[in-house]
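*Asks:* Can you read through this structure? Questions will come right after.
What follows is calculated from the coordinates using simple rules that are stated; it is not laboratory data. Keep in mind that what you see is a predicted model, and the values were worked out from it rather than measured. Quick reminder, even Gly has a Cβ in these numbers, built from the backbone with ideal geometry, and neighbours come from all protein chains shown.
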Amino acid sequence: DEMGTALELAEETEEQLAAQRKEFEARLETLRVQTRAAAPAAVEAVVQAAQVAGSNLDLNEADTRKLIDAQLRDAGWEADTEVLRYSKGVRPAKGRNLAIAEWPTTSGPADYILFVGLMPIAVVEAKRKSKNVPASIVQSKRYSRDFQPKPGIVMPGEPWGDFKIPFLFATNGRPYLRQLLMASGVWFLDARSSTNHPRALQGWYTPDGLLKL
């Protein structure tokens, strides 16, 4: 009798454990589903928060130029602010796509002039920190207007109104971020028409891209 009672209790306990195990596994699967659904949104939120925080860092001028140099090189330009400078005797050359730093104009040195061979095709204004990057294109406009052709340079065409160089850029080196639209990315203006407006780009034009444009 005692053995029979013990076996009955054991069976009852086993059934309870099986039921609890089944309930636990069901709850665990529910949590897995919820986690899988929430994870991408959570990761995206963390990434965007990190991007915003990174975009608020105040880079010094040298670090900003290094970022821009690297971005230009990735797009096919020869760029090195410390080496490829007008003051160090660097000049446009056939067969080279040069981003020449500190090119003189009558209103001051442009941060970069982009040359495809012997032709100046774009002006780049580099901002160390700016809450409104597209507004900095005003300076690129000034350098385009005040660019003085030198012997051996092939101009890209007739002046477009006041502008001698057609394509204008402004950037602070930070990658494009939708939440910080005005304070990030590469801003571009095609100055050949007065009806064009600055727009944000995901990256830089290549030399061939500007030539085709």
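*Asks:* Within 15 Å, Cβ to Cβ, of residue 191, how many net charges do the neighbouring residues add up to if Lys/Arg are +1 and Asp/Glu are -1?
*Replies:* +1
*Asks:* Could you list, in their original order, any pairs among 88/127; 141/164; 66/141 whose Cα atoms are separated by more than 19 Å?
*Replies:* Over 19 Å Cα-Cα: 88/127; 66/141.
*Asks:* Average the reciprocal distances over every distinct pair of alpha-carbons in segment 63-213, invert the result, and give the Kirkwood radius in Å.
*Replies:* Result for segment 63-213 stands at 15.1 Å.
*Asks:* With a ≥ b ≥ c the root eigenvalues of the C-alpha gyration tensor of segment 59-128, is it rounded (a/c under 1.5), prolate (a/b larger than b/c) or oblate?
*Replies:* oblate
*Asks:* Also, I was wondering about something else. Calculate, for residue 138 and residue 93, the FRET efficiency according to 1/(1 + (r/R0)^6) with r their C-beta to C-beta distance and R0 30 Å; round to the nearest 0.05. Don't jump to the answer; show the numbers that get you there.
*Replies:* Values: r = 30 Å, r/R0 = 1.01.
After rounding to 0.05, the efficiency reads 0.50.
*Asks:* Now a separate question. How far apart, in nm, are the 7 Å Cα→Cβ label points at residue 74 and residue 29?
*Replies:* In this crude label model, residue 74 to residue 29 measures out at 4.4 nm.
*Asks:* Another question, then. Which value in nm describes the separation of the simple spin-label points at residue 177 and residue 162, placed 7 Å from the Cα toward the beta carbon?
*Replies:* It is 3.3 nm.
*Asks:* Output the peptides 135-144, 17-26 sorted from most to least packed, where packing is the average of other Cβ atoms within 10 Å over each peptide's residues.
*Replies:* In decreasing order of mean packing, 135-144, 17-26 become 135-144, 17-26.
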